[in-house]
Amino acid sequence: MPQQAWSDKRERQYDHIKSNLRKRGRSEDTAERIAAATVNQTRTAKGETKEAKPPSERARAERDMSAAGRKGARARKSG
């Protein structure tokens, strides 16, 4: 677990993302890196980070997270 500041919920999210990436064939290091980046992006979007982020940065993170969700939904429907 790369971060001690993560809540139990974020640790579960990290483990879930990492295990799914491993199942899809990603290496351990790559899965850890992607999972940590995803959790940190989610924390920033939700305002859970230790340092206060400017509203514009939080808004950008929220847009990025929602856009990723929309792209994923489209990909699942078209397949």
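What the table shows:
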quantity: Point-to-point label distance, LYS50-THR30, nm (Cα→Cβ direction, 7 Å offset); calculated: 3.1 nm
quantity: Using a Förster distance of 30 Å, the FRET efficiency for ASP15-GLU57 (Cβ separation, nearest 0.05); calculated: 0.65
quantity: Charge context of GLU32, other residues only, Cβ under 12 angstrom, K/R +1, D/E -1; calculated: +1
quantity: Computed FRET value (nearest 0.05) for LYS23 with MET65, which takes r as the C-beta separation and R₀ as 25 Å; calculated: 0.65
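Since every read-out is calculated from the coordinates, none of them should be taken as a lab result. Treat the numbers as computed from the prediction; the structure is a model and nothing was measured. When we count neighbours, we look across all protein chains shown, and the Cβ atoms used for this are built from the backbone with ideal geometry, even at glycine.
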